[in-house]
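*Asks:* Quick one: this structure, given as structure tokens, is what I'll be asking you about.
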Amino acid sequence: MTETKPWEGVDETVVKKVAADAGHPARDPYINTDQGDLLLFMFLLAGAIGGFIIGYTFRGLFPPRKPIVERGVQHKE
Amino acid sequence: MLYAMHISEGILPIDWASLWFLVAAPFVFLGLRAIERRRRENPQAVTLVAMVGAAIFVISCMPIPVPFAGTCSHPCGTGLGALLIGPGPTVVVASIALLFQALFLAHGGLTTLGGNIVSMGVVGVFSAYGLFHVLRRMRVPIFAAALAAGIISDWATYATTSFELSSALHGDGSFWRMFALILVAFIPTQLPLGIAEGLVTALAYRFVLDRRPDLLAVRAVPDIACDGDPHPDLLEASTGSQPITGADV
């Protein structure tokens, strides 16, 4: 469809190309964080917050399984 | 720029953007009601909703390189959400994830939020939910059904994005020609990513089924005993559980 840079997102190679050809190019977001390394920082922050929520809730929902002896099951020798 | 399936700010004309908001709105409203109902039934289920919401947020802004395509794209996570917390709540958490991505990550857009909710949050969710049920009714094993649900969720999302773009932008040209062009352009990247998403969906669903089947909104159709595949926890968990009805949506 178009020449692509290495590892470009399909939004660039497909969505934006089609939109630009049709006369409706994408415009800058209302809060434009795509400036320098700011976007990388935002992604890092989003990943950290999302990861924390996933980990915190996961631990609450899926606590580690207790060893058999702690569950009161007696072993027979 | 790191985004992929999300339609960026300004791409959809205002009439089409408004239409997709109108299409998405009832699903979000019903999803909010479904969350409230689940909270009353089982408060811990809301914790799972929060976890799935965070997972969808992270997964759907995570660019994954596809070596033989030479491009990056992202999975959606909504198929997994549909199986774990139900389709209605997944529409809501996907909408919230898309809103935050549009606001702070230059990922998607506020004017195109309705279109992105419909593709990822509605079509992606209900295609997975529907296929999983159909396959389980056909006695397909749980893992295979969840795998197929995850795959179809991803592919249906991108097919819907193609539909939204081509319907709004084909102008005087052929709608179908533009639709096919966009869809084919997505295939090299999304074909393998969809399969990977299906695997993750199946593994995660199996994990929750093993550890906390009581939390699952979408039971694996427990009235059907597949040969060699009545999960031991499933039958136990189904005792006293609600059958899947339209109210779960």
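The values are calculated or read from the model by the stated rules, or taken from the named source; none is laboratory data. Just so it is clear, the structure is predicted and the values come from calculations on it, not from any experiment. For neighbour counting, all protein chains shown are included, and Cβ atoms are generated from backbone atoms with ideal geometry for every residue, glycine included.
*Asks:* Looking at the stretch B:159-180 only, could you name the residues that are out of contact with any Ser or Thr (no Cβ under 8 Å at 6 or more places or on another chain) and closer than 24 Å to A:Trp7 by Cβ?
*Replies:* Answer for the stretch B:159-180, where residues must be out of contact with any Ser or Thr (no Cβ under 8 Å at 6 or more places or on another chain) and closer than 24 Å to A:Trp7 by Cβ: B:Ala159, B:Ser162, B:Leu165.
*Asks:* Scan the stretch B:178-186 and tell me whether some residue there is at pLDDT 90 or above and under 30 Å from A:Gly60 (Cα atoms).
*Replies:* no
*Asks:* Please go through the stretch A:44-77 and pick out each residue that is assigned to a loop (DSSP other than H, G, I, E, B) and either under 19 Å from B:Met51 (Cβ atoms) or at pLDDT 95 or above (or both). Before the answer, list the steps.
*Replies:* Narrowing the stretch A:44-77 to residues assigned to a loop (DSSP other than H, G, I, E, B): A:62-67, A:72-77.
Residues satisfying the conditions are A:Phe62, A:Pro63, A:Pro64, A:Arg65.
*Asks:* Among the residues of the stretch B:97-119, what is the count of those that are more than 8 Å from chain A (Cβ to nearest Cβ) and part of a loop (DSSP other than H, G, I, E, B)?
*Replies:* 4
*Asks:* Just give me the residues in the stretch B:57-93 being β-branched (Val, Ile, Thr), more than 7 Å from chain A (Cβ to nearest Cβ) and either surrounded by fewer than 18 Cβ atoms within 10 Å (Cβ to Cβ) or part of a helix (DSSP H, G or I) (or both), in sequence order. Full working, then the answer.
*Replies:* Here is the first cut: in the stretch B:57-93, the residues β-branched (Val, Ile, Thr) are B:58-59, B:64, B:66, B:71, B:78, B:85, B:90-93.
After this cut, where a residue has to be more than 7 Å from chain A (Cβ to nearest Cβ) as well, the list is B:59, B:64, B:66, B:78, B:85, B:90-93.
Within the stretch B:57-93, B:Ile59, B:Ile64, B:Thr78, B:Ile85, B:Thr90, B:Val91, B:Val92, B:Val93 meet the criteria.
*Asks:* Of the residues that sit in the stretch A:22-39 and are of a type in the set (A, V, I, L, M, F, W, C) and assigned to a loop (DSSP other than H, G, I, E, B), which one is farthest from the other protein chains (Cβ to nearest Cβ)? Working first, answer last.
*Replies:* We begin by selecting, within the stretch A:22-39, every residue of a type in the set (A, V, I, L, M, F, W, C); these are A:22, A:26, A:31, A:38-39.
Filter again for assigned to a loop (DSSP other than H, G, I, E, B), leaving A:22, A:26, A:31.
Values: A:Ala22: 4, A:Ala26: 4, A:Ile31: 6 Å.
The qualifying residue farthest from the other protein chains (Cβ to nearest Cβ) is A:Ile31.
*Asks:* Mind checking which residues of the stretch B:167-197 are free of Cβ contacts under 8 Å to residues at least 60 places away in the same chain, of a type in the set (A, V, I, L, M), more than 9 Å from chain A (Cβ to nearest Cβ) and surrounded by fewer than 18 Cβ atoms within 10 Å (Cβ to Cβ)?
*Replies:* Correct list: B:Ala180, B:Ile187, B:Leu191, B:Ile195.
*Asks:* Follow-up question, since we're still on this one. Which condition breaks for B:Ala54 when tested against (1) assigned to a loop (DSSP other than H, G, I, E, B); (2) within 12 Å of another protein chain (Cβ to nearest Cβ)?
*Replies:* (1)
*Asks:* Still on this structure, please answer the following. Kindly provide the set of residues from the stretch B:28-51 that are among the charged types (D, E, K, R) and either at the interface with chain A (Cβ under 9 Å from one of its Cβ atoms) or buried (at least 18 other Cβ atoms within 10 Å of the Cβ) (or both), ordered by number. Please lay out each step first, then the result.
*Replies:* First pass over the stretch B:28-51, keeping only residues among the charged types (D, E, K, R): B:33, B:36-41.
If the condition is that a residue be among the charged types (D, E, K, R) and either at the interface with chain A (Cβ under 9 Å from one of its Cβ atoms) or buried (at least 18 other Cβ atoms within 10 Å of the Cβ) (or both), then B:Arg38 is the only one that fits.
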